[in-house]
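The values are calculated or read from the model by the stated rules, or taken from the named source; none is laboratory data. Because the structure is predicted, anything quoted here is derived from the model rather than measured. For neighbour counting, all protein chains shown are included, and Cβ atoms are generated from backbone atoms with ideal geometry for every residue, glycine included. For accessibility, only protein heavy atoms count, side chains too; no ligands or nucleic acids. Shrake-Rupley method; radii C 1.70, N 1.55, O 1.52, S 1.80 Å.
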Amino acid sequence: MRRMAATDIKKKADLGIQAENPAETLERLRRCIDLMERAYGLPKRRGSNPVDLLVQTILSQNTTSANTHRAFENLKRRYPDYQALLDAPDEEVARAIRCGGLANIKTKRIKEALEKIKERGEGTGSIDLDFLKDADPEVARDRLMDLPGVGPKTAAVVLLFAFNMPLLPVDTHVNRLSRRLGFVPVEASLEEAERILEMITPRDKYCSFHVNLIRHGRAVCSARAPFCDGCILREVCPYPDLAGQKG
Ligand code: SF4
């Protein structure tokens, strides 16, 4: 069993993904989703409060999901409502989320985002994002991205998981794997990758594709050393052959 070395990966990235029949790409994508659902299960849409999701996504930057979960639990235990969090001193909030790393930066981002959301409550003082639920997905994405510290991925996570909007979040794992799997051209920008994946993925599979690709990226197809020999997606992935590896 051999993991691919970083130099192999670079070589392959330089080769690029070979052009293929779009129907074949769609077929491979469906098969890929199916194989991952068999291995990892069918993820459920979380249906969480959108502000909770936003805060969790900010907390998840540069840390593991276990640390994100612990930091969020600490935060909710300490501040059952977001106004209490806004009223608390920054150092106290940072202490509550210390286990998630970058505590001072994340405290600042969370507070700034909550302040902005509150401003949009137009005098009601409420801190919620329910005003987005009937918006056009693209408009909702732009409005969320107006908030400090919210990029396209965070906006898409909140809108997909809270409101089931047809947006596909592309994080570092989804970005890397979708290129290796040949669903997105190597030279595409992140924005192009989002558009392409939203176009070719069946809408009812956005959540499944996103969540399972992240699981697979963490467990098998890491950035430095994808474990192609033991990979459940080997039959639909051109990556090992393009790098000259026999699977
Ligand atoms: S075969 Fe699997 S591990 Fe290898 S690049 Fe493809 S998806 Fe990643």
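Given the structure, is residue 221 closer than 22 Å to residue 27 by Cβ, in a loop (DSSP other than H, G, I, E, B) and either modelled with pLDDT of 95 or more or more than 16 Å from the ligand (Cβ to nearest atom) (or both)?
Yes.
Answer yes or no as to whether residue 215 is touching a residue at least 40 places away in the same chain (Cβ under 8 Å), within 13 Å of the ligand (Cβ to nearest atom) and assigned to a helix (DSSP H, G or I).
yes
Given the conditions (1) assigned to a helix (DSSP H, G or I); (2) away from the ligand (no atom under 11 Å from the Cβ); (3) touching a Gly at 6+ places or on another chain (Cβ under 8 Å), and given that residue 187 satisfies all but one, which numbered condition is not satisfied?
Here residue 187 clears every test but (1).
Could you say which residue among 192, 198 is in a helix (DSSP H, G or I), farther than 29 Å from residue 128 by Cβ and either open to solvent by 20 Å² or more (accessible area, probe 1.4 Å) or within 15 Å of the ligand (Cβ to nearest atom) (or both)?
Testing whether each residue is in a helix (DSSP H, G or I), farther than 29 Å from residue 128 by Cβ and either open to solvent by 20 Å² or more (accessible area, probe 1.4 Å) or within 15 Å of the ligand (Cβ to nearest atom) (or both) leaves just 192.
Please verify whether residue 60 is within 19 Å of residue 94 (Cβ to Cβ) and under 15 Å from the mean Cα position of the chain (by Cα), treating the condition exactly as stated.
Yes.
Could you pull out the residue among 37, 73 that is open to solvent by 50 Å² or more (accessible area, probe 1.4 Å), modelled with pLDDT of 90 or more, of a type in the set (D, E, K, R) and under 23 Å from residue 162 (Cβ atoms)?
73
Yes or no: residue 179 surrounded by fewer than 21 Cβ atoms within 10 Å (Cβ to Cβ) and more than 9 Å from the ligand (Cβ to nearest atom)?
yes
Do we have any residue at all in region 222-242 that's of a type in the set (Lys, Arg) and under 30 Å from residue 112 (Cα atoms)?
No.
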